[in-house]
Every structure is written in structure tokens, then in C-alpha cells.
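Notes to accompany the following structure.
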């Protein structure tokens, strides 16, 4: 790297300098870099020669920066950070698009599958624990896009568009009074208990069901540890008064548990697609366009959403975000 004054700086020597500063010992830095002590010393000497000043002072207990070395440290870190960012940007263009779908049996997975099959793009599917984790991962570039319920204010730089609304049926055992019905009006679930163990209180889906409970009187019971989906289904199967929200795709293999559609209105889960405005993966605009093309707006006449979600999922859904 050439400075404005014409001095050539070797980035590998700059990295070595920082490793020695951070470790305080040439021996330890050499081990961390998988180099010999002699090679580390040569790189430091070359960097000092290029800059024309001593950077490190050898002491009986190790090394420490000189006054010039201390002044150079923030610039050295900035150089390495900029170089790493540039390298990461070009590497990102040649890797698979990393998409967080939140759940492998959710509507978001179907959207990514259809994108993969129609757009001939390599995709790496990721599963996270919700929007807060997704925001950090989008910001640091560890994922390129994420699906989730994004109603609250998002971190700076995060864009979003509505992706789809997913109907939410209920599951009940054959002993339950609702089991013989193929569909049930949402208001008839008032007073019924939906057992949803492990529904993390601060999660966006737990908030969704709190809105549902407040408006329609469904009792949400999130008590009890989670021992797996089979455990949930075994309890629902044996109960004559408990239901849970979900579908048979999510909970397969239990013939004595039936799926019942909820109607008038049908509760639907709002999925948004999110990405960071600085992301330049070449396949990201294709994913956003694919999602926008397939988007079907929320129908307030037959579907229900919490009030905070409705503005984003209005009829002109494709205009609610910005294409990268």
C-alpha cells in the first residue's frame, strides 16, 4: 500500500506489528501468526525502515510501542480494517447468498426454495433465533437477507419489504370438542387455551400472540420446558381442552392430532424480507424482486394482523421498501 508521501507499506508487516502490540511479546505473536520469531522481527524491521521511525521498544519483559509506534497504532488498525472490508466485499460476490429463514417449515422457506428453483442462484439457508440476532448478522455481513416479523424500529441501515402473510391454523387432539370441525371462527377460540411452551416472551412471535390473545380472548400458555415437538403433540393429543397454533407440516407423524383452519378472520403471520443497505451481493436484488413479485397483500376483510403490522402489509405492499 502506498501512502500519499510515496512510502510503500506492506500490509502483512502492518498486521505483524499489530499482533506484536496486542500480544506484548514477539514469541507469542509469532506463535499466533504461525511464523518464526526471526520472520516477525524482519517484518517489523522492514516496516520501521519504510516509515523511517522505530515502532517498538524491546524490554526485559517483552516489547512495547514507542511514541511513534503509539501514534501509528490507530492508523494501522484502520488500514487493516479497510483492507479486510475490501477483501470481504469481493469474496461475498462469489459465494452463495446467505438467507436466514428463521424456520425450515415456515412460509419463508418456501419463498427461498422457489427463488432457488427459478433464479438459478446458489443459496445458503441459515436458521437464527429472531429479528434481534438477524439485525446484527445483517449489519456485520454474516448473512445477506433475513425473513421475520419486523414491526418495531429496525437497526440503522436495515431495509425491509413485506414478503407474505402465512395463515395460522390450530392443532387439537381428537378428544377436543373442536376436533370434528374442519374450520372454526377465530372468535370461537375465546377462552380456549393454546399451549405453546417455550414461546420466548421477548420474541416477535410471542408478541404477535399477545396481540391475538388481547383482541380475541385466546389464552396463551407458554409454561413448561420444551422437550421437542413430539412432546408437545403427545400432550395435545391426550388433552380434551388444549390446542396449539401450528400445522401438520410443522408437527408431522401424529394421526390423532387434527389440523383445523381458523376463519372469519383468519390469523396470518406477517413475514418481511430484510437486508442491509450496504450489502452488494449480486444475487440480493434478485431475491428482493422475486419476493416482491410473489407478494399478495393482506386482506383486512378476511384476515387478521396485529394493528402495528397492518401499515407495512397494505395493498401496495411492493412499495413499502427499497430494492437494493
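Quick notes
- Mean Cβ count within 10 Å, highest first, over the residues of peptides 48-56, 11-19: 11-19, 48-56
- Degrees separating the helix 107-119 axis from the principal Cα axis of the chain, which is the longest one: 60
- Between residue 193 and residue 10, the contour length at 0.36 nm per residue exceeds the Cα-Cα span by 59.2 nm.
- Helix 204-216 axis, angle to the chain major axis (alpha carbon atoms, nearest 10°): 30
- Remark on segment 11-92: ratio of C-alpha radius of gyration to 2.2 N^0.38 Å is 1.10.
- With respect to the chain, whose longest principal axis is taken over its alpha-carbon atoms, helix 229-238 is tilted by about 20°.
- Projected over all directions and averaged, the alpha-carbon convex hull of the chain occupies 22.6 nm².
- Antiparallel %, DSSP beta bridges [both residues in segment 36-178], to 5: 40
- Cα-based shape type of segment 7-161, given that a ≥ b ≥ c are square roots of the gyration tensor eigenvalues and the cut on a/c is 1.5: prolate
- Length gained on full extension, residue 57 to residue 229: 55.8 nm, using 0.36 nm per residue less the C-alpha separation.
- Computed from the C-beta positions of residue 221 and residue 88 and an R0 of 45 Å, the FRET efficiency is 0.50 to the nearest 0.05.
- Each of residue 31 and residue 140 was given a label point 7 Å from its Cα along the Cα-to-Cβ line. The distance between the two points is 2.6 nm.
- Pair residue 45, residue 105: separation of 7 Å Cα→Cβ label points (nm): 6.6
- Segment 11-92 - percent relative contact order, Cα under 8 Å, separation 6 or more: 31
- Added length on full extension, which subtracts the Cα-Cα distance from 0.36 nm per residue, residue 133 to residue 156: 6.9 nm
- Using C-alpha pairs under 8 Å with a sequence gap of at least 6, the mean separation divided by the residue count of the chain gives a relative contact order of 19 percent.
- Rg/Rh ratio calculated on Cα atoms of segment 172-324 (Kirkwood radius): 1.03
- Projected label distance in nm at residue 239 and residue 202, using a 7 Å step from Cα toward the beta-carbon: 2.7
- Residue 174/residue 247 FRET efficiency (R0 22 Å; Cβ-Cβ; nearest 0.05): 0.85
- A Förster radius of 45 Å combined with the Cβ-Cβ distance from residue 214 to residue 77 puts the calculated FRET efficiency at roughly 0.35.
Read-outs throughout are calculated quantities, based only on the coordinates presented, and are distinct from any laboratory measurement. What you see is a predicted model; the values in this text were computed from it and never measured. Heads up, the Cβs are rebuilt from the backbone with ideal geometry, glycines too, and the neighbour counts pull from every protein chain shown.
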